[in-house]
Amino acid sequence: MPKLDLLKIATQSPDEVVALLQTTENGLSSTRAAELMAEYGPNCLTAQSKHWWQVLLRQIKSPFIYVLLFAAVLALVLGEFLDAGMIVTFVVINSLLGFFQEYRSEQALKLLQKYTVNHTRVLRDGQEKLIDSTELVPGDVILLAPGDIVPADARVFSSHNLMVNESVLTGESVPVEKSCEATEKIPKQVIEARCLLFSATSVLRGSAKAVILATGKHSYVGQIAKLTVESAHQSSFEKGMSRFSTFVLKLVVVTLAFLMVANVFVKSETADVIELIIFSIALATAVIPEALPLVITFSLSRGAVRLAKHKVVVKRLSAIEDLGGIEVLCTDKTGTITRNILTVSGLFAQGGPRNDEQVFTVAALGIPAQMQHPDPFDSAITEAVKEQSISLPGMKQLAELPFDPQRRRNSVLLEDLHSNRKTLVVRGAVEAVLPHCKNVHASELKRIQEWVQQQGREGKRVIALAERPYQHHNLDKYTTEIEEKQLDFVGCLAFSDPLKSTATSAIAKAKELGVQVKILTGDSPEVAGAIAQEVGLISSLDQVMTGAALEEMTPAAQHAAVLKHHVFARVSPQQKFTIIQLLQEKHEVGYLGEGINDAPALKAANVSLAVQGASDIAKDTADVILLNSSLRVIVDGIQEGREVFANTIKYVRLTMASNFGNFFAVAVASFIVNYLPMLPVQILLVNLLTDFPLIAVATDSVDPIDTRKPEKYDIKDFALICTFLGIVSSLFDFLFFGFFSRISAPVLQTNWFIGSVLCELILFFSLRSRLPFFKAKFPSLFVFILTVLACVSAVILPYTSFGQAVFHFEAPTQAYLLLTLSLVFAYFVTTELVKLLYYRVFERKQEELEV
């Protein structure tokens, strides 16, 4: 069977399509269906099931983990079992925490599957059969009724009053009329073809007989899935950690190589090479922030738990940090900004407001009684009648002329239960009803048209209502012609998909966080623009750009357009994908989608979000699943992500600034004296005592100033602040060395150990906020208690026999301890001043560059 061009098929008659597919109106034979099954395969998309071991492996696929494991192996080779055990413990705890959190999320998602097509009525061997939808093949003839989900791409062969919900593909909540009539010319997009049905859409009203065109991976949905799979994706978190790990590794290797060579050169024959190697490894371990993966995992797990309370399921744990880095949030309007429920939002009554109730009454009486699945317009009318407490007259429906795409109206014939008088009610498009009304004069017509045009500019959809007496005794005269004679215009109703109550405040909060919200929708420019104006995204409908207009631009103009415009309407899946990619060249992009058409854009985005009712492919692609479809939940998640990042960065800045300063000072001191200024076991203990309380940094409070804009793992920022604070740290380390090195090796080693621990821990209270420490939020109780315990341990341990025997400490005198504490206090004051100067000067310059 030749590969089919859906655009071309849309212009062909049903008979031509049947001939092309080598089938018949009565379907395929079982033998032919089996042959086609062997050729095309089952009608399903291959799901990517993640095994537990894949989730576990993902936890250790990090350059930083590789560095830590290499350091652990070196420590084991050289007999430093305490150091090796500490590093391995950190790695194991980190991996298990990440595994349990992400695996639990993967299992939870299996409960959220929604779009599953089970069975389909099909004609096989000339008989109607009910078969598993996966057994469908091109050429099969299927029968569809209200409530059915379309199982594959199909060409309508015959239909009656067919209305289909295509919101899963387009984002539009309004039903689409379908018929067997071929289009006169090839449509610009295949989704515009009114004679084609697409997999995963659903039948709202009417019935149809259709022939299958494409199944599984060959369908329109399958092509979207293919684009999704082919889109490579690396998270911003992974990129940032990779750059940071490489930076730390290069810095440590170069410095240690220089230290080894310089020591051997300076000390010549007196240099103990083995001792220097052990000393260098201990220094390297002290510099590498080995608890960073654990700190990150604790922070992310805590963030995941807090988000779960707001009904947010995080599939990829690191997505929480990526969420905090979002600069541009792209979303469809339906279901997130709006409620995805049509409501009556405007009314025009012939004769004035006193006739408002009559407009609602006629609209409600015009709802077909036999409809099993009311369309959104009828549901909105029914709800409005309930809200207005309107009592409908006792009327019996005698007959109905269903909505027809050509007539663009429907009518219902009613009989009064008391007087037996018959009334014809007509509802439809304004231009299909008004011309047939006898009670609309020229001046009145102009007023109606102005009202209708205003509703259109506001993105609302309007139906006109009319009625007339039916004076015939039988129903033979009830034809479409009678709908066009002597109607009495009653009024019009306007419908809109109202904003969610949290939409405006969510966009305002997003703006406060430095996040630009952009709407990408398949809906019309008028509807999308009206919603965007209402929430304050744009000020004029002229600021809305269509997908077709964007596609016609040059690459340079497209780059400018995606930055300038905040609303894109009538966009296809490929165009959404392109917009995301263009934005990513300058920004971190988050994308919220739910339809099958959103899957490629979800895969391309830095952070992908889907709602609970999303298509399977959208949920499978997404990093985050929202059980509560609300823009406010996403914005709150962005703030949560920034708080996680802020706490993580506290640890990084603290360990890098303090450790590198201490690392440099101890390395230089090793050239000056003929003994090690701090023993390897003492260096490792400093590392352990300072990392112990900082693992709890995930629980620390965060000041609003630290979440006002997105942050990244900026190596330049790390290098700058760590250089300035590292210099301060080194200067005070040299003061410790200068005061105590003249006395004895144990005195220097002990007091420098106490000073190193206290300085690094007290530095946390300075670096935990951009604000002066006394204006910052009080640290979490957990961090505060652990820090106090670590400080007390560092001071008391040298006085114990255990500390003196195992770590070779010498009990400090009262004078030495007082001098050490004085230097620690002076160090804290100095670092606080340097920090404030850094943020005042360098951040001001950065803001000037951004402007």
Would you mind finding the one in Asn439, Asn420 that is in a loop (DSSP other than H, G, I, E, B), open to solvent by 20 Å² or more (accessible area, probe 1.4 Å), farther than 25 Å from Ser179 by Cβ and in contact (Cβ under 8 Å) with a residue 60 or more places away in the chain? Asn439
Of (1) in contact with a Lys or Arg (Cβ under 6 Å, 6 or more places away or on another chain); (2) buried (at least 24 other Cβ atoms within 10 Å of the Cβ), Asn628 satisfies every one except (2)
Quick one: what pairs do we get from the range 521-534, first residue farther than 21 Å from Glu166 by Cα, second open to solvent by less than 10 Å² (accessible area, probe 1.4 Å) and part of a helix (DSSP H, G or I), C-beta under 9 Å, 6+ apart or different chains? Glu534/Ala503
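Does the range 580-590 contain at least one residue that is modelled with pLDDT of 80 or more, under 10 Å from the mean Cα position of the chain (by Cα) and part of a strand (DSSP E or B)?
Just the residues of the range 580-590 that are modelled with pLDDT of 80 or more, to begin with: 580-590.
Pick out the ones that are also under 10 Å from the mean Cα position of the chain (by Cα) and you get 589-590.
Keeping just the survivors that are part of a strand (DSSP E or B) gives 589-590.
Yes: the range 580-590 contains one or more residues that are modelled with pLDDT of 80 or more, under 10 Å from the mean Cα position of the chain (by Cα) and part of a strand (DSSP E or B).
Kindly indicate whether Val571 is open to solvent by 20 Å² or more (accessible area, probe 1.4 Å) and at negative phi. Before you say what the answer is, go through the steps one by one.
Details: open to solvent by 20 Å² or more (accessible area, probe 1.4 Å): no; at negative phi: yes.
The answer is no for Val571.
If a residue counts only when it is among the hydrophobic types (A, V, I, L, M, F, W, C), buried (at least 18 other Cβ atoms within 10 Å of the Cβ) and in contact with a helix residue (DSSP H, G or I) (Cβ under 6 Å, 6 or more places away or on another chain), which helices (runs of 4 or more DSSP H) contained entirely in the range 471-551 have at least 2 such residues?
Values: elements: 503-512, 525-535, 547-551.
In the range 471-551, the matching helices (runs of 4 or more DSSP H) lie at 503-512.
Being over 41 Å from the mean Cα position of the chain (by Cα), open to solvent by less than 30 Å² (accessible area, probe 1.4 Å) and modelled with pLDDT of 90 or more, is that true of even one residue in the range 366-382? Explain how you work it out, then say what you get.
The first filter runs over the range 366-382 and keeps only residues over 41 Å from the mean Cα position of the chain (by Cα), leaving 366, 369-370.
Of the ones still in play, those that are also open to solvent by less than 30 Å² (accessible area, probe 1.4 Å) are 366.
Those still in the list that are modelled with pLDDT of 90 or more too: 366.
For the range 366-382, residues over 41 Å from the mean Cα position of the chain (by Cα), open to solvent by less than 30 Å² (accessible area, probe 1.4 Å) and modelled with pLDDT of 90 or more: present.
When the residues of the range 192-216 are filtered to those that are outside any strand (DSSP E or B), open to solvent by 10 Å² or more (accessible area, probe 1.4 Å) and under 25 Å from Ala19 (Cβ atoms), which remaining residue is modelled with the lowest pLDDT? Reasoning before the result, please.
Step one: filter the range 192-216 for residues outside any strand (DSSP E or B), giving 192-195, 198-201, 215-216.
Next, from what is left, pick out any that are open to solvent by 10 Å² or more (accessible area, probe 1.4 Å): 192, 194, 199-200.
When the remaining residues are screened for being under 25 Å from Ala19 (Cβ atoms), the result is 192, 194, 199.
On the way: Glu192: 80, Arg194: 86, Ser199: 86.
Ranking the qualifying residues of the range 192-216, first place goes to Glu192.
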Test: residue in the range 313-331 that is modelled with pLDDT of 90 or more and over 30 Å from Pro710 (Cβ atoms): no
Any chance Phe734 is in contact (Cβ under 8 Å) with a residue 24 or more places away in the chain, open to solvent by 40 Å² or more (accessible area, probe 1.4 Å) and not polar (S, T, N, Q): yes
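Quick check: is even one residue across the range 764-780 of a type in the set (S, T, N, Q), under 36 Å from the mean Cα position of the chain (by Cα) and more than 18 Å from Phe692 (Cβ to Cβ)?
Start the filter on the range 764-780 by keeping residues that are of a type in the set (S, T, N, Q), which leaves 766, 769, 780.
Then drop every residue that is not under 36 Å from the mean Cα position of the chain (by Cα), which leaves 766, 769, 780.
Subsequent filtering for residues that are more than 18 Å from Phe692 (Cβ to Cβ) retains 766, 769.
Yes: the range 764-780 contains one or more residues that are of a type in the set (S, T, N, Q), under 36 Å from the mean Cα position of the chain (by Cα) and more than 18 Å from Phe692 (Cβ to Cβ).
Considering the range 668-682 alone, what residues qualify as being open to solvent by 10 Å² or more (accessible area, probe 1.4 Å), assigned to a helix (DSSP H, G or I) and closer than 22 Å to Ala794 by Cα?
Residues of the range 668-682 open to solvent by 10 Å² or more (accessible area, probe 1.4 Å): 668, 671-676, 679-681.
Filter once more, so that each one left must be assigned to a helix (DSSP H, G or I): 668, 671-672, 680-681.
Passing the criteria: Pro680, Val681.
Val150: modelled with pLDDT under 85, open to solvent by less than 40 Å² (accessible area, probe 1.4 Å), of a type in the set (A, V, I, L, M) and within 25 Å of Gln575 (Cα to Cα), yes or no? Explain how you work it out, then say what you get.
Numbers: modelled with pLDDT under 85: no; open to solvent by less than 40 Å² (accessible area, probe 1.4 Å): yes; of a type in the set (A, V, I, L, M): yes; within 25 Å of Gln575 (Cα to Cα): yes.
Here the answer is no, as Val150 does not meet what is asked.
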Quick one: which residue in Leu720, Leu789 is at pLDDT 90 or above and in a helix (DSSP H, G or I)? Leu789
List the number of the failed condition for Ala556; all other conditions in (1) assigned to a helix (DSSP H, G or I); (2) modelled with pLDDT of 80 or more; (3) small (Gly, Ala, Ser); (4) within 30 Å of Ile149 (Cα to Cα) hold. (4)
Contact list, first residue from the range 634-658 and closer than 16 Å to Lys709 by Cβ and among the β-branched types (Val, Ile, Thr), second anywhere and surrounded by fewer than 23 Cβ atoms within 10 Å (Cβ to Cβ) and modelled with pLDDT under 85, beta-carbon distance below 8 Å, six or more apart or interchain, is Val644/Arg302; Ile649/Glu711
Among the residues in the range 423-439, are any touching a helix residue (DSSP H, G or I) at 6+ places or on another chain (Cβ under 6 Å) and at pLDDT below 90? no
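How many residues are touching a His at 6+ places or on another chain (Cβ under 7 Å) and at pLDDT below 85 if we restrict to the range 102-147? Give the derivation first.
We begin by selecting, within the range 102-147, every residue touching a His at 6+ places or on another chain (Cβ under 7 Å); these are 130-133, 146-147.
Subsequent filtering for residues that are at pLDDT below 85 retains 146-147.
Of the residues in that region, 2 qualify.
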Across the range 24-44, the tally of residues that are at pLDDT below 90, open to solvent by less than 50 Å² (accessible area, probe 1.4 Å) and at negative phi stands at 2
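The values are calculated or read from the model by the stated rules, or taken from the named source; none is laboratory data. Computed from a predicted structure; not experimentally measured. Counting neighbours? That spans all protein chains shown, and the Cβs are built from the backbone with ideal geometry, glycine included. Each accessible area value is taken on the protein alone, full model and side chains, heavy atoms only, with ligands, DNA and RNA left out. Shrake-Rupley method; radii C 1.70, N 1.55, O 1.52, S 1.80 Å.
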